[in-house]
Amino acid sequence: MKPLDDKHSLAMIRAALVIDDHPLYCDALASTLKRIYQLQTVKTATTLSDAMKLLSPRFMPDLVVLDLRLPDVTGLSGLLKIRDRMPDVPILVISAVSSNETIQALMEAGAAGFVPKDASPKVLQNALMVVREGQKYLPPGYTAPSGPSGDALSTCEIARKIADLTPQQARIMKLICAGKPNKQIAYEMSLAEATVKAHITALLRRLGVHNRTQAAMLVRSAGLDPNAQISDADLRALLS
């Protein structure tokens, strides 16, 4: 690893922000950051929206540790929104979603590194030291997948499209990926079915697809919703 100039020194990391929806894990990460970086200021948030509210002229972190999967985030949209708000701040992603495709997309989107959530404390400490030195961290065993062929969209491009969805559209997208028909989505979101249809029309337009099946497959193809198990029955529901 090449030595870096002074602007990448440890002294430049004065404050950090941890975003994770598991409070105990969040607190553990904050304690680890304080110990490794000898920080006085480490703030925590369990949602992206709460994290964004913490940012102000009085608090602008020098490092963000981000859980990829948050209640108010779809796919890589959390990372992309933080990057838009703080383009020069390194973001270390920690997640249980650790496919090579997802890691590649995160790095293409500007993450400073990726650590699997089941990694040992030693691996996490090593990742934090690498990021501190201004380097990119990739987990052991990572192999870069081959890029998309032809006119296929990259995972990063798909993630950017999803990041542009409104919060309601993003929630509807998750329900679509779960195979929910319009009537069920309307019930779960306490909306009129006609309102749900209008949101879906706008959602499909933003994603550049023609129907809900294509939208769900677009998300799945990028590995952005690994828990969505779309069976034949689900696909029939999507087409209903």
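The values are calculated or read from the model by the stated rules, or taken from the named source; none is laboratory data. Bear in mind the structure is a predicted one, so any value in this text is a computation, not a measurement. Cβ sites come from the backbone with ideal geometry, for glycine too, and all protein chains shown count toward neighbours. Ligands, DNA and RNA are stripped out before the accessible areas are found, and what is left, the full protein with its side chains, is counted by its heavy atoms. Shrake-Rupley method; radii C 1.70, N 1.55, O 1.52, S 1.80 Å.
Here each label is just a point 7 Å from Cα along the line to Cβ, and for E157 and E133 those points are 3.6 nm apart.
Surface composition of the stretch 72-210: carbon and sulfur atoms hold 51% of the protein heavy-atom accessible area at a 1.4 Å probe.
Could you rank H22, H199 by how accessible they are, 1.4 Å probe, largest area first? List each step's numbers first, then the result.
Working: H22 100, H199 40 Å².
So, going from the largest accessible area down, we get H22, H199.
Kirkwood radius for the stretch 1-127, taken over all pairs of different Cα atoms as the inverse mean of 1/r, rounds to 14.8 Å. Using a simple spin-label model with pseudo-atoms 7 Å out from Cα toward Cβ, S49 and D84 lie 1.6 nm apart.
Shown here for the stretch 37-105: trypsin sites (Lys or Arg not before Pro) in loop regions (DSSP other than H, G, I, E, B) with at most 12 other Cβ atoms within 10 Å, namely R58.
In what order, largest first, do S190, S31 sit by accessible area if the probe radius is 1.4 Å?
Details: S190 105, S31 70 Å².
The ordering from most to least exposed comes out as S190, S31.
Only protein heavy atoms count here; on that basis, with a 1.4 Å probe, T166 has an accessible area of about 50 Å².
Close amide H partners of V115, meaning residues 5 or more places away or on another chain with modelled amide H under 5 Å apart, are V93, I94, S95.
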